[in-house]
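Have a look at the structure below, then the notes.
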């Protein structure tokens with residue numbers, strides 16, 4: 001089930017063709033799983049728009065990625081790049097507020113937790129956990145399947161440590 005969040009979005013294209021893209025800065029491997037780029041750039045943005053209400057605001061780039069390995073482990077990662085850390089933080093807060101306003105399990109299960117020294121939002125719907133957080137000018141949104149809490153912390157570390165500032 002996808003959630004349609006009621007907050008405005010607007011897409012701004014990357015300001016320079018030399019900038020690093022979201023799919024490039026996503027970790028190549030996360031806890032032994034290789035990166036599979038599902039969509040990036042405008043195609044990824046269109047897929048994101050299909051599961052959200054409104055338009056997307058301030059986005060420089062976005063990528064949708066999968067990581068898989070045996071034992072039923074599967075991770076989906078949405079990585080969005082914003083012009084700066086303040087906008088990324090504000091957009092993360094808007095996402096949390098949008099879930100609160102949407103209601104249902106998205107709102108009732110929404111918690112702010114600390115994982116790997118990061119302020120992370122955790123929610124769930126249909127018994128599937130979702131985690132999202134801002135790190136510098138990036139917002140990460142993950143859906144891990146069959147992961148332990150320790151593995152989720154490793155994923156957050158791997159995402160947050162990847163690459164330097166894009167500005």
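The values are calculated or read from the model by the stated rules, or taken from the named source; none is laboratory data. Keep in mind that what you see is a predicted model, and the values were worked out from it rather than measured. Glycine also receives a Cβ, built like all others from the backbone with ideal geometry; neighbour counts cover every protein chain displayed.
For segment 91-117, a residue qualifies if it is over 21 Å from residue 153 (Cβ atoms) and without any contact (Cβ under 8 Å) to a residue 60 or more places away in the chain, and the qualifying residues are 91, 93, 100, 103, 104, 105, 107, 108.
Considering segment 54-84, and only residues there that are over 17 Å from residue 154 (Cα atoms), surrounded by fewer than 19 Cβ atoms within 10 Å (Cβ to Cβ) and out of contact with any helix residue (DSSP H, G or I) (no Cβ under 8 Å at 6 or more places or on another chain), the residue that is modelled with the lowest pLDDT turns out to be 54. Restricting attention to segment 38-53, does a residue exist that is over 12 Å from the mean Cα position of the chain (by Cα), buried (at least 17 other Cβ atoms within 10 Å of the Cβ) and either on the phi > 0 side of the Ramachandran plot or in a strand (DSSP E or B) (or both)? Yes, because at least one residue in segment 38-53 is over 12 Å from the mean Cα position of the chain (by Cα), buried (at least 17 other Cβ atoms within 10 Å of the Cβ) and either on the phi > 0 side of the Ramachandran plot or in a strand (DSSP E or B) (or both).
Counting just the residues of segment 118-151 that are touching a residue at least 60 places away in the same chain (Cβ under 8 Å) and farther than 25 Å from residue 59 by Cα, which one comes out surrounded by the fewest Cβ atoms within 10 Å (Cβ to Cβ)? Applying the filter and picking the extreme gives 126. Is segment 121-130 home to any residue that is under 21 Å from residue 28 (Cβ atoms) and at pLDDT 95 or above? No, segment 121-130 contains no residue that is under 21 Å from residue 28 (Cβ atoms) and at pLDDT 95 or above. For the subset of segment 7-21 comprising residues that are closer than 23 Å to residue 97 by Cβ and surrounded by 15 or more Cβ atoms within 10 Å (Cβ to Cβ), which member is modelled with the highest pLDDT? It comes out as 11.
For segment 89-107, residues that are more than 18 Å from residue 143 (Cβ to Cβ) and either out of contact with any strand residue (DSSP E or B) (no Cβ under 7 Å at 6 or more places or on another chain) or at pLDDT 90 or above (or both) total 8.
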